[in-house]
1. Can you pull out the residues in region B:150-172 that are loosely packed, with under 13 Cβ neighbours inside 10 Å and within 9 Å of another protein chain (Cβ to nearest Cβ)?
2. Which of the residues belonging to region A:150-174 are in contact (Cβ under 8 Å) with a residue 24 or more places away in the chain and not in a helix (DSSP H, G or I)?
3. Just checking, does region B:115-128 include any residue being aromatic (Phe, Trp, Tyr) and within 17 Å of the chain's Cα centre (by Cα)?
4. Determine whether C:Ser35 is among the hydroxyl-bearing types (Ser, Thr, Tyr), away from chain B (no Cβ under 14 Å) and over 26 Å from the mean Cα position of the chain (by Cα).
5. Suppose the filter is assigned to a loop (DSSP other than H, G, I, E, B) and away from every other protein chain (no Cβ under 14 Å); does C:Trp115 pass it?
6. Against the conditions (1) surrounded by fewer than 14 Cβ atoms within 10 Å (Cβ to Cβ); (2) over 30 Å from B:Val180 (Cβ atoms); (3) within 14 Å of chain C (Cβ to nearest Cβ), where does B:Ser68 fall short? Just the number, please.
7. Out of region B:183-204, which residues are surrounded by 13 or more Cβ atoms within 10 Å (Cβ to Cβ), within 9 Å of another protein chain (Cβ to nearest Cβ) and not hydroxyl-bearing (Ser, Thr, Tyr)?
Amino acid sequence: MKTVEEIKAAIEAAVPGAGVEFVPNPSPSAQHSLRLAPESAVAVAKFLRDDDELAFDFLSNLTGVDWPDKEIAEKVKVTRQVTKTVDGPEGKVDQTVDETVEETHKRVEPGYLEAVYHLYSVEKKHGPLVIRMRTANRTDQAQLPSLTPVWRAAEFQEREIFDLYGIVFTGHPDLRRILMWDEFKDHPMRKDYVEPDDFEYEPTPHDEVLNRAQEHKSEGLGTGD
Amino acid sequence: MAVDQNLKIELGKQGIFVTTIEELYNWGRRSSVWPMQFGLACCAIEMIATTMARYDLARFGAEVFRPSPRQADLMIVSGTVTKKMAPQVVRLYNQMAEPRYVIAMGACAISGGPFKQGYNVLKGIDRYIPVDVHIPGCPPRPEALIQAFMTLQKKIDGQPLTGEGRPRHLDAEAQGEFAVPEQGEHDLEPTSNKGVWPVPITIR
Amino acid sequence: MASSSYFSLSVLFVAALGFGLAPLGLAWLWARVYSPPKPNAIKNAIYECGLESKGDAWMGFRSAYYLYGIIFLIFDVEAVFLLPFAVAFTGLGAAACAAMLVFVLLLVEGLAWAWAKGVLTWQ
C-alpha cells in the first residue's frame with residue numbers, strides 16, 4: 001500500500017482543492033490519518049473507493065470522538081519596567097528597573113466532534129486507511145457530510161454516531177436514532193452528558209457513589225423518597 | 001381444616017390418600033408452571049441450557065415455553081433490561097394471565113449489574129414489576145435457575161386459598177395492572193412504579 | 001325403555017358430555033368463587049409481542065391474498081397425490097403415468113392462466 005503521505009498526494013492530484021490534512025500519530029503504531037474537509041469529503045471518498053490503485057472498497061468501522069472545549073494555560077515571560085525604591089549611598093532613590101515576570105494566559109480552544117472512518121481494500125488486500133472529519137463546533141454546527149452514498153456500510157454506524165454524539169450527517173438516507181428511543185434528547189457519549197438521577201443508592205454507599213448520593217440528597221432530587 | 005400430618009402418613013400406609021382443596025390446587029399450579037419463551041441477553045443461553053437434556057427443566061413440569069404471554073405463568077427475565085426494552089417487558093407482564101410469577105435472572109435483571117452506572121440499562125426490573133425470585137450471577141448457572149424454580153414452587157406451595165397471605169390472583173383488591181413506563185426525554189418516566197419498589201433510604 | 005338398544009348408548013353419551021363439560025363448569029365456578037377477573041386495556045390488547053397495538057385486528061385482507069392462498073393450496077394438495085404415485089411408480093404402467101401427467105398438466109394450465117391474468121404480480 002502507498003503510505004499515507006502518498007495517498008494524500010494522490011488525492012490532491014485527483015481532487016483539486018481537496019483540503020486534505022495529514023494527522024500524524026506519534027505512538028509506536030504510527031497509524032497516521034487523513035483529515036478531510038467536509039465540503040470535499042464525498043468527492044475524496046469516491047476517489048478512494050474508485051481509484052484503481054487504492055480501491056478502498058470496504059468500510060470496516062466508523063466511530064465518533066468528542067473533543068470538548070479545552071482550556072489551555074500558557075506561561076509567558078513578560079518584561080516590564082518597574083519603579084523601585086532602592087537604598088543607595090545617597091539615601092532612598094527611586095529607580096526604574098527591568099523585571100521579568102511569568103504570567104499565565106488562559107485561552108479556550110473551542111471543541112469539536114470528530115468522525116473517524118477505517119477503510120480497507122478487500123480487492124488489493126491492504127488497509128487500514130484512517131480518515132477523519134471534524135465539525136465546526138459541538139453545538140449548532142455539528143454537521144458532516146454522510147459517506148453512506150459511497151459506502152453503504154456507513155448507514156447504521158452513522159446513525160449510531162448521530163444517536164450517541166449528535167453529529168448530523170447531511171445526505172444520510174435515514175437518519176434516526178438507532179440505540180436510544182426516538183423521544184430521547186441527549187447524546188450519551190458526549191463528555192458533558194449528565195446521567196439521569198435514577199441511581200439506586202445502596203444503604204451504605206461509598207467512594208464515588210457516596211458523592212453522588214450526597215449530591216442527590218442536597219439537590220432534593222430523586223425517585224420519590 | 002388442616003389434616004394432621006401423622007394421621008395422613010398413617011392413612012397413606014393403609015392406602016388411603018387424604019388431601020385438601022388447597023393442597024391439590026397448589027400442587028396443580030406448582031407442577032405446571034409454564035414459562036414465557038422470551039430471552040433478553042446472555043442469561044437466556046443459560047435458560048435454554050436449563051431446558052435441554054442435561055438439566056431438563058421438564059422434571060419440574062416447566063418444559064412448555066409458551067410463545068404468547070396469554071398462556072404463560074412465569075416470566076424469566078433473563079438478561080439485561082435496557083431502558084428501551086423495559087416498557088415492552090412490563091407490557092408483556094401485564095398481558096400475562098394470573099397467576100403469574102417473575103424470576104429475575106442474573107445480575108443485570110436484578111440490579112443493572114455491570115451496567116448499573118450506565119445511561120441505558122434499567123437498574124433492576126423490580127422497579128416496575130413484582131419479582132418473586134432473584135438469582136444473582138453473571139450469568140447464573142442452570143443449577144441456580146433450577147434452584148430459583150424450586151424456590152418458586154415452594155412459594156406457590158405455601159400460599160393459602162383464602163385470608164391473609166393469599167396470592168394476588170385470588171385477591172379482588174390486589175393490583176392487576178402495573179403501569180408501563182414512558183420513554184421520556186432523558187430517562188424512563190416514572191423511574192419506578194410506586195408500591196412495587198421502595199426507594200432505599202441512604203444511611204451515612 | 002331400559003330394554004331399548006339405544007339406552008346404553010344414551011347413557012354413554014350423557015357421560016361423555018359430562019366428562020367434557022364438568023371441568024369447564026368447575027373451572028367457571030372456581031373463577032367465580034376464588035379468582036376475580038381484573039381486565040385492563042393492556043391485558044386486552046390485540047398484539048402480544050410487547051409493543052403497543054396499532055389499529056384494529058378486524059381489518060380487510062386484499063382479495064389477491066386469497067388467490068395466492070388458493071393457488072398454493074392446489075399445489076400443496078397435488079403433492080399428496082404425487083407422493084403415493086411416486087412410491088408405487090415402479091409397479092405402474094404407461095397408462096397411470098399418462099393419467100398423472102394429464103392431472104399435473106391441468107393444474108399447470110390453471111397456474112399459467114392465473115399468471116397470464118396477472119394474479120401473481122403483487123401490486
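The values are calculated or read from the model by the stated rules, or taken from the named source; none is laboratory data. What you see is a predicted model, and the numbers here were worked out from it, not measured in a lab. Methodologically, a virtual Cβ is constructed for each residue, glycine included, from the backbone with ideal geometry; neighbour enumeration extends over all protein chains shown.
1. In the first step, residues of region B:150-172 are kept if they are loosely packed, with under 13 Cβ neighbours inside 10 Å; the result is B:154, B:158, B:160, B:162-165, B:172.
Result: B:Thr162, B:Ala172.
2. If the condition is that a residue be in contact (Cβ under 8 Å) with a residue 24 or more places away in the chain and not in a helix (DSSP H, G or I), then A:Val150, A:Trp151, A:Ala153, A:Gly166, A:Ile167, A:Val168, A:Phe169, A:Thr170, A:Gly171, A:His172, A:Pro173 are the ones that fit.
3. From region B:115-128, those aromatic (Phe, Trp, Tyr) are B:115, B:119, B:128; that's our starting set.
Keeping just the survivors that are within 17 Å of the chain's Cα centre (by Cα) gives B:128.
Yes, because at least one residue in region B:115-128 is aromatic (Phe, Trp, Tyr) and within 17 Å of the chain's Cα centre (by Cα).
4. On the way: among the hydroxyl-bearing types (Ser, Thr, Tyr): yes; away from chain B (no Cβ under 14 Å): no; over 26 Å from the mean Cα position of the chain (by Cα): yes.
No.
5. Values: assigned to a loop (DSSP other than H, G, I, E, B): no; away from every other protein chain (no Cβ under 14 Å): yes.
No; evaluated as a whole, the condition is false for this residue.
6. Answer for B:Ser68: the failing condition is (2).
7. B:Gln183, B:Gly184, B:His186, B:Asp187, B:Leu188, B:Pro190, B:Trp197, B:Val199, B:Pro200, listed by residue number.
Every residue, every condition in (1) surrounded by 17 or more Cβ atoms within 10 Å (Cβ to Cβ); (2) modelled with pLDDT of 80 or more; (3) in the same structural domain as A:Ala30 (by TED's automatic domain parsing), yes or no:
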position	(1), (2), (3)
A:Val130	yes, yes, yes
A:Arg138	yes, yes, yes
A:Leu144	yes, yes, yes
A:Ala154	yes, yes, yes
A:Tyr165	yes, yes, yes
A:Pro203	no, no, no
A:Asp207	no, no, no
A:Thr223	yes, no, no
